[in-house]
1. Modelled with pLDDT of 95 or more, within 20 Å of the chain's Cα centre (by Cα), farther than 16 Å from Glu135 by Cα and in a helix (DSSP H, G or I) - does that describe any residue in the stretch 98-110?
2. In this structure, does Val145 turn out to be within 20 Å of Asn28 (Cα to Cα) and in a loop (DSSP other than H, G, I, E, B)?
3. Would you call Val145 more than 15 Å from Arg110 (Cβ to Cβ), aliphatic (A, V, I, L, M) and in contact with a Ser or Thr (Cβ under 6 Å, 6 or more places away or on another chain)?
4. Filter the stretch 130-142 for residues that are part of a loop (DSSP other than H, G, I, E, B) and touching a helix residue (DSSP H, G or I) at 6+ places or on another chain (Cβ under 7 Å) and give the result.
5. Please specify each residue of the stretch 116-146 satisfying the condition of being of a type in the set (Lys, Arg), closer than 19 Å to Gly178 by Cα and at pLDDT 95 or above.
6. Quick one: how many residues across the stretch 45-58 are buried (at least 20 other Cβ atoms within 10 Å of the Cβ) and either modelled with pLDDT of 95 or more or outside any loop (DSSP other than H, G, I, E, B) (or both)?
7. May I ask you to list the residues in the stretch 25-43 that are assigned to a helix (DSSP H, G or I), surrounded by fewer than 21 Cβ atoms within 10 Å (Cβ to Cβ) and in contact (Cβ under 8 Å) with a residue 12 or more places away in the chain?
8. Specify which of the listed residues (Pro109, Pro105) is touching a Gly at 6+ places or on another chain (Cβ under 8 Å) and over 12 Å from Phe16 (Cα atoms).
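The values are calculated or read from the model by the stated rules, or taken from the named source; none is laboratory data. Quantities reported herein were computed from a predicted structural model and do not represent experimental measurements. Note that we place each Cβ from the backbone using ideal geometry, even for glycine, and neighbour counts take in every protein chain shown.
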Amino acid sequence: MTAATANLYAAIIFDFDGVLLESEFAGNMQIADYLTRIGHPTSAEQSMANFMGLSGADFLGAIERWIGRTVPDDFHAEREAENERVLRDGIGAVAGAIDFVRALPAALPRAIASSSSTHWIRTHLDHLGLRDAFEPMIFSGKEHVARGKPAPDLYWHAAQVLGVPIAECVILEDSVVGATAAVASGATVIGLCAGTHCAPDHADRLRAVGVTHIAHDFDDVARLIA
């Protein structure tokens, strides 16, 4: 794979979970298992459809609307225990992600703009051996903006710090929530359907929120930006 001709765009901005890190399916399976156990049968697919890409109060609000009540206190403890486990042990990369990032031209500005915390992002970048490819351009919807995804603010913030007009950026997104934010930002958006969490109809769900470019793997991404 080569991204050496990736010069259609002045900068590339990556979502993280589900784009670079294979974390979405495992995380949503844990949520689904928990909700099912407390009496609200939920599949991993339903969890991904309703909660994926959200953070903070938006994430909790979506779960509470789904189950029709406040989440029990032990939900937070179980989530924290799962997060600590994967932060310690690591999670694999989305297929082709590492080679793609390493093939990008060194001079091409790039950033990560994710709903996850910077601690989560940096720890997993260390596991993947990719932190040097992005540091210090690592931005969190929990830490850098008042409104996280699906608002476009995090992508605007990333472009501003990169010093590149958002209209000259390309964004890689996998979730409907994140793609909604990316489309609203005014950047070119590539909907990535490469992760194991992407169902057969995932591209259709991304197109429904305005994504026009779909990539089923990182070879597709390389062709779209070349």
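1. yes
2. Values: within 20 Å of Asn28 (Cα to Cα): no; in a loop (DSSP other than H, G, I, E, B): yes.
For Val145, the condition - within 20 Å of Asn28 (Cα to Cα) and in a loop (DSSP other than H, G, I, E, B) - is not met.
3. Details: more than 15 Å from Arg110 (Cβ to Cβ): yes; aliphatic (A, V, I, L, M): yes; in contact with a Ser or Thr (Cβ under 6 Å, 6 or more places away or on another chain): no.
Here the answer is no, as Val145 does not meet what is asked.
4. Filtering the stretch 130-142 for residues part of a loop (DSSP other than H, G, I, E, B) gives 130, 135-137, 141-142.
Listed by number, the residues that qualify are Leu130, Met137, Gly141, Lys142.
5. The first filter runs over the stretch 116-146 and keeps only residues of a type in the set (Lys, Arg), leaving 122, 131, 142.
Filter again for closer than 19 Å to Gly178 by Cα, leaving 142.
If the condition is that a residue be of a type in the set (Lys, Arg), closer than 19 Å to Gly178 by Cα and at pLDDT 95 or above, then no residue fits.
6. Matching residues across the stretch 45-58 total 3.
7. Taking the stretch 25-43 as the starting set, the residues that turn out to be assigned to a helix (DSSP H, G or I) are 25-37.
Restricting the remaining residues to those that are surrounded by fewer than 21 Cβ atoms within 10 Å (Cβ to Cβ) gives 25-26, 29-30, 32-34, 36-37.
Once the filter is applied, which keeps residues that are assigned to a helix (DSSP H, G or I), surrounded by fewer than 21 Cβ atoms within 10 Å (Cβ to Cβ) and in contact (Cβ under 8 Å) with a residue 12 or more places away in the chain, the stretch 25-43 yields Phe25, Ala26, Met29, Gln30, Ala32, Tyr34.
8. Numbers: Pro105 fails: touching a Gly at 6+ places or on another chain (Cβ under 8 Å).
Answer to the check: Pro109.
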